[in-house]
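Q: My questions all concern the structure below.
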Amino acid sequence: MKNNLLSFSLALLALAATLTAGCSESPNKAEQTPKSTVELKQYSVTPTFVTEIASGVEAYTLISSDDVLPESPNFVFGGMADGAGLLKNPDGTFTFVCNHEDNFAVSRITLDKTFKPVKGEYLMTSNDGLYRLCSATMVTPEVHGVPSPRFITCGESGWDSQTHIVDPYGAPSATDRILTNFGYWSAENAVTLPKGTYPNKTVTIIGDDDFANGGELVLYVGEGTGNFDNGKLYVAKRRDSNSRRERDIVQNRVYPIEFVEITNPKTRPAAEFNAEAARLNAILFGRVEDIDYRKGSDAAARELYFCVTGQAWAGNRNADSSRTMYGRVYRLMLDAQNPLLGTLEVIFDGDDQTGPARQFMNVDNICVTENYVYIQEDPNRYRAGSGELQGVNFVFDGVRQNHDCRIYQWKIGSPRSTLRTFLEVGPPRDNGELQRKYMPERNPDGSATGWFVSPDGRRGIGEWEYGAMIDVSNETGRPGTFLVCVQSHTWRQGGVNPGRDFRNPDGGTLPAAQGPTNRGEGSYVLILTNVPR
Amino acid sequence: MKTPFVVVIALFVAFGLSRCSPSKPEATQEGDFIANEKVKALFARNLNDFVKRLEELDSSLRRAQDDSQSKAALQRAFKQARLAYKRLEFLTEYYAPSTSEELNGPALAKVGEEYKIEQPTGFQALEEMMFPEAEMSKLSEMMAQTNLMRALCKRFNGLILQKPLTDNRVFDAMRLEIARVISLGISGFDSPVANHSIPEARAAIEGVREAFEPYGSDLIQRNPARMRQLDSLFNETLAYLARHSDDFNAFDRLEFIARFANPLSSTLLDAQLDLGIEPIQTHRPFSPTARTMFDEGAISPLPYAPDYATSLNPAQVELGRLLFYDPILSENKKRACASCHQPDKAFTDGLPRALTIAGDSKKLRNTPTILNAGFQASSSYDQKTVFLEDRVTFVVHSPDEMRSSLDKVAELLSQSEEYVQKFKAAFPESEKPISAQNIKVAIATYMRSLTSLNSRFDQYMRGDFSKMNDEEKRGFNLFMGKAKCGTCHFLPLFNGTVPPTFMETEAEVIGVPKEAKWKNAVIDPDIGKMAINGMELNKHMFKTPTVRNAELTAPYMHNGVYKTLDEVMRFYNVGGGAGIGIELPNQTLPSDSLGLSKQEIQSVIAFIKTLTDTTGKSSKPSALPKFSDATLNARKIGGEL
């Protein structure tokens, strides 16, 4: 066992070393379109930490918390990079906007014409209201018909969570506004459909990522294009049943659903939304995470996919196993004429121990292209032997907790069994310098970190997760180019840990008073090339 | 004596209808509301003032860096800031509950989503550093907290200022604030060290009064007598609070609630109805149409039920009662729910720990009463489950308790024609009436029907002032004041469910010893909630149980270590575990002595005995359903221990 572990670690060390060196030096193989000034290469001092990648796809690090940007040397890219959007600017440069979930902050990075990060600043800091912002959607004139781009980002801060709209080009700490008609949901993302999907309507789907009460699938419909302010709000319920139980919905069946109205979203306080959803028999999923629509045409955009993260069976509100434990991916097909009607089906069910998704460790973010669905894990694990797993008749599947966070790829329309691992990243386990840096034994304040250990003894298994995966082919002029945020949760710098101090990157007052930011987490963003679309 | 069936019907009527009954969506709210013009303007003004007070607090902290003599000024600035907050509280708690908690929640770290530890923020975190004496070494932390609160204030822009306020919700918020003052405000819940609760209660009521004032001219037109009545009630309430603001311990809480706060809440509802403002319709524990928290039926157990069991259907209650007393639920057909939850002991067993089905007296925890168990947002000592239905499943499946399974029980029950008929009647829409699902629903629904909120104390609160003697009254005032019992065993349920929203049920680390020793005691090895979530912060943490019927539920604590209420009071009086030699870094009970005299302890106990009420809940069924298998018909009603 010990020998195996050692040789495995050595292998990893070698792999990490290859990646560190290899990525920055390897020539760019992505197909060049003549106009593009973009060079896709390793821009960061931080390795990619890719341990598995689909053949033909290349990974580089765009930016990380360790990078010093020439025009803003004091800027530290925060931890927990989550929701993100990229804009191509009229002068040929790029603006990358990114949520830093546990910093309660939003960063704005300027990339030069070649795609090199040159400047960073905070568009929102924790001083701007202490909003924990998760995923986000950049709405643009081209796709959504809005007059100018806006970053729509969702608060995940308990009862008071609301959806925000921010001007990505605005002055820092100046443009954040609340979309009061979106209601209060501990939302992961609010995804606006393209302007042609339902002409003269603004249709936005919101995923309620409510850990305590379970999540609803919420729909906002505004009259006119780009109307986020006085539309109506709906929640999804089954048409064939009043059951709210997620797991009454099973694989290999298609369920008719409808979106039913929650009246007066503007005037109700937060506590009434869950009560209304219950009154309306809305489906109560585990936690509705990220949502995306199929690309290619207005009609395609009515085909949506979303992830649901699970919760332990035998504990809390999921003690009767009414909601998923390991995560699910659903497909929502909206009616061509009426966005309030549709069908729902389970595409992948992580709880099916013999199915194609039997390796799922809680799927979270999702990215859908013309032909593919990319499903990203946030491996919330379960502790074998803990009380939340005891008392019911099911076998706890410890074995699947044996991998780092993956992105799975599925080609739409192909057999489900073709689901495959597309990418895997995780902390280095070399028992040496890399491990000490990226998976320290101590938090900045000196407290022990206590990383999860896999059933086969590997430290820090599944500790990392992904944030947004976004298609930037159009912006970069390089088909198949994507950005992926990586939340490298074990990377903690500052205090007792040497290196650049990652604590309080936005300069807000949050960290001095509240725990999470004091952990000084770092994160990074990957560029992927040649991603099948 | 009433038959059980009558009791059941009465309950059903008292709690109104279930969520399944047809209910219409709220009509579109349009037009101009006084709330949106006047009350919001008032809020904006008071918010400005609050932000200024925070800035002043920040300035005092900065000054204190240079001048260590300015401690008193710090405390003054803190008090002014929280008084300013209290005027806003009725609206912030209503429209911004999370932000309110971050501004003024308990100074305790807690386990948040995905097992993240959340550090306390806001006033109470500051209070710990500033009182009884400001810790000058923590000035930078105090400044950080103050700045954080200023940042939090920005949220009110989106949460309240941008939101159209409506009259029905503002009235709801005002009345919830009165309930908040009654249950939390005057108990010292959010001013545990500064003891500034009474002036703060006054500021809170002033905030409510200010918000009501814009409605005054309309009320004078519609019902001048009501306006006069309400005016004088506001005046008297505020005057009473002003008169008694100096001495936290001496404040007569019973008089305040019974003579002023309850009538104020009640009259405000009358005024609302006079004004033609319909109470809101929403599914929550504290009914928006109840006059006070102490009214019959004011608090419903139904919102704590899962989606599939949202009524107190009498046929289900009666079926659940039969199942509760039927030992058919256990593997050996000898143990029923009632074996341990014995009706004559307020549904407990009188033992330190429940016996396992194999007779082990050291393994399980103390049997809790199930009277009023429905009023909780989580069940079991370690809060493993939310719903009573799931508790039924776990008990039936536990190898130590029933050692059976719901499916097995369903199969057995199907062999009884009598049960088949009763399940059909109770679950007429089920394709398969006898099922694991319906068994747990029936038993849990029966448990939810076991509400008993008609004790002498309740009757007193409803206006029969003959129901408590002087010692009991003193005991209540101690319970809610000096003895601090009411800061965890909250009014009016006296369990850990936090008023006035009743959405959350708290758990605490108090340091219960293994044996009843008063020196060098050893902590009971049960790690409580930590066994469920693995969090050190929750080690030895247990859900706060109800004090109602404590007269009948000895012995006490999760391990039954204390035989009498005197012992329990002695434990709390010395600061819990910390006072008997148990050092827990995460003890949530304040570790200082309460300083209660023997006489005061007796008064508290006398008061606790006014909370006894088991009326109409204790009768056993006269017979259990018959089986064709004669051996099964020897089942003992209520089982054996």
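The values are calculated or read from the model by the stated rules, or taken from the named source; none is laboratory data. Keep in mind that what you see is a predicted model, and the values were worked out from it rather than measured. Cβ sites come from the backbone with ideal geometry, for glycine too, and all protein chains shown count toward neighbours.
Q: Just to be sure I understand the filter: pairs with C-beta atoms under 6 Å, separated by 6 or more residues or on different chains, first member in segment B:294-309 and under 28 Å from A:LEU284 (Cβ atoms), second member modelled with pLDDT under 95 and outside any loop (DSSP other than H, G, I, E, B). Which pairs pass?
A: Going by the 6 Å Cβ cut-off, the qualifying pairs are B:GLY297/B:ALA14.
Q: I need the full set of residues from segment A:323-332 which are part of a strand (DSSP E or B) and of a type in the set (Phe, Trp, Tyr), in order please.
A: Once the filter is applied, which keeps residues that are part of a strand (DSSP E or B) and of a type in the set (Phe, Trp, Tyr), segment A:323-332 yields only A:TYR330.
Q: Quick one: A:THR163 ticks every box in (1) among the β-branched types (Val, Ile, Thr); (2) away from chain B (no Cβ under 12 Å); (3) buried (at least 21 other Cβ atoms within 10 Å of the Cβ) except a single one, so which number is it?
A: Evaluating A:THR163 over (1) among the β-branched types (Val, Ile, Thr); (2) away from chain B (no Cβ under 12 Å); (3) buried (at least 21 other Cβ atoms within 10 Å of the Cβ) leaves (2) as the failure.
Q: OK, next. Mind checking which residues of segment B:527-539 are in contact with a strand residue (DSSP E or B) (Cβ under 8 Å, 6 or more places away or on another chain), part of a loop (DSSP other than H, G, I, E, B), farther than 12 Å from B:GLN383 by Cα and in contact (Cβ under 8 Å) with a residue 60 or more places away in the chain?
A: Passing the criteria: only B:MET535.
Q: Being among the acidic types (Asp, Glu) and under 26 Å from the mean Cα position of the chain (by Cα) is the filter; apply it to segment B:296-338 and report the residue that is surrounded by the most Cβ atoms within 10 Å (Cβ to Cβ).
A: Here the answer is B:ASP307.
Q: Within segment A:333-351, work out how many residues are within 22 Å of A:THR202 (Cβ to Cβ), of a type in the set (Gly, Ala, Ser) and outside any strand (DSSP E or B).
A: Of the residues in segment A:333-351, 1 are within 22 Å of A:THR202 (Cβ to Cβ), of a type in the set (Gly, Ala, Ser) and outside any strand (DSSP E or B).
Q: Having 2 or more residues that are within 11 Å of chain A (Cβ to nearest Cβ) and buried (at least 18 other Cβ atoms within 10 Å of the Cβ) is the bar; report the helices (runs of 4 or more DSSP H) wholly within segment B:384-430 that clear it.
A: B:388-397
Q: Residue by residue through segment A:169-194, note down the ones that are touching a Gly at 6+ places or on another chain (Cβ under 7 Å), more than 10 Å from every other protein chain (Cβ to nearest Cβ) and surrounded by 21 or more Cβ atoms within 10 Å (Cβ to Cβ).
A: Matches in segment A:169-194: A:ALA187, A:GLU188, A:ASN189.
Q: Right, something else. Can you list the helices (runs of 4 or more DSSP H) lying wholly within segment B:99-183 that have 2 or more residues being facing chain A (nearest Cβ under 7 Å) and either under 24 Å from the mean Cα position of the chain (by Cα) or not polar (S, T, N, Q) (or both)?
A: Filter on segment B:99-183 gives B:139-153.
Q: Sticking with this structure for a sec: Against the condition within 10 Å of another protein chain (Cβ to nearest Cβ), surrounded by fewer than 21 Cβ atoms within 10 Å (Cβ to Cβ) and part of a loop (DSSP other than H, G, I, E, B), how does A:ASN227 come out, does it pass?
A: no
Q: Sticking with this one: Identify, from the list B:GLU389, B:GLU418, the residue that is touching a residue at least 60 places away in the same chain (Cβ under 8 Å), of a type in the set (D, E, K, R) and under 24 Å from B:LEU641 (Cα atoms).
A: That would be B:GLU389, the only listed residue that is touching a residue at least 60 places away in the same chain (Cβ under 8 Å), of a type in the set (D, E, K, R) and under 24 Å from B:LEU641 (Cα atoms).
Q: From A:SER135, A:SER157, grab the single residue that is surrounded by fewer than 24 Cβ atoms within 10 Å (Cβ to Cβ), under 22 Å from the mean Cα position of the chain (by Cα) and either of a type in the set (Ser, Thr, Tyr) or under 18 Å from A:HIS100 (Cα atoms) (or both).
A: Result of the check over A:SER135, A:SER157: A:SER157.
Q: Kindly indicate the residue of segment B:610-641 that is touching a residue at least 60 places away in the same chain (Cβ under 8 Å) and assigned to a helix (DSSP H, G or I) and also farthest from B:GLU417 (Cα to Cα) among those meeting that condition.
A: B:THR610
Q: Now for a different question. Checking the structure you have, find out if any residue of segment B:3-19 is modelled with pLDDT of 80 or more, touching a helix residue (DSSP H, G or I) at 6+ places or on another chain (Cβ under 8 Å) and assigned to a helix (DSSP H, G or I).
A: No; the residues of segment B:3-19 include none that is modelled with pLDDT of 80 or more, touching a helix residue (DSSP H, G or I) at 6+ places or on another chain (Cβ under 8 Å) and assigned to a helix (DSSP H, G or I).
Q: Go through A:ARG429, A:ARG492, A:ARG459 for me and flag whichever is touching a Ser or Thr at 6+ places or on another chain (Cβ under 6 Å) and more than 30 Å from A:PHE306 (Cα to Cα).
A: After applying the criteria, what remains is A:ARG429.
Q: Also, quick follow-up: For segment A:368-397, how many residues are modelled with pLDDT under 85 and either more than 23 Å from B:ASN538 (Cβ to Cβ) or of a type in the set (Val, Ile, Thr) (or both)?
A: Of the residues in segment A:368-397, 5 are modelled with pLDDT under 85 and either more than 23 Å from B:ASN538 (Cβ to Cβ) or of a type in the set (Val, Ile, Thr) (or both).
Q: Residues of segment B:280-301 being within 13 Å of chain A (Cβ to nearest Cβ), assigned to a loop (DSSP other than H, G, I, E, B) and either farther than 30 Å from B:SER217 by Cβ or not hydroxyl-bearing (Ser, Thr, Tyr) (or both), which ones?
A: Listed by number, the residues that qualify are B:ILE280, B:GLN281, B:HIS283, B:ARG284, B:PRO285, B:PRO288, B:SER300.
Q: Got a sec? Which of B:PHE542, B:PHE502 is within 14 Å of chain A (Cβ to nearest Cβ), at pLDDT 95 or above, surrounded by 21 or more Cβ atoms within 10 Å (Cβ to Cβ) and assigned to a strand (DSSP E or B)?
A: Answer to the selection: B:PHE542.
Q: Give me the pairs, please: first residue somewhere in segment B:257-284 and assigned by TED's automatic domain parsing to the domain that holds B:ILE220, second residue anywhere and small (Gly, Ala, Ser) and in a helix (DSSP H, G or I), beta-carbon distance under 8 Å, and either six or more positions apart or on two chains.
A: B:SER265/B:ALA179
Q: For segment A:320-327, indicate whether the set of residues that are buried (at least 22 other Cβ atoms within 10 Å of the Cβ) and in contact with a Cys (Cβ under 8 Å, 6 or more places away or on another chain) is non-empty.
A: Checking segment A:320-327: at least one residue is buried (at least 22 other Cβ atoms within 10 Å of the Cβ) and in contact with a Cys (Cβ under 8 Å, 6 or more places away or on another chain).
Q: Continuing with this model, one more query. Check B:PHE627, B:PHE571 and return the single one that is over 24 Å from the mean Cα position of the chain (by Cα) and among the aromatic types (Phe, Trp, Tyr).
A: The unique qualifying residue is B:PHE627.
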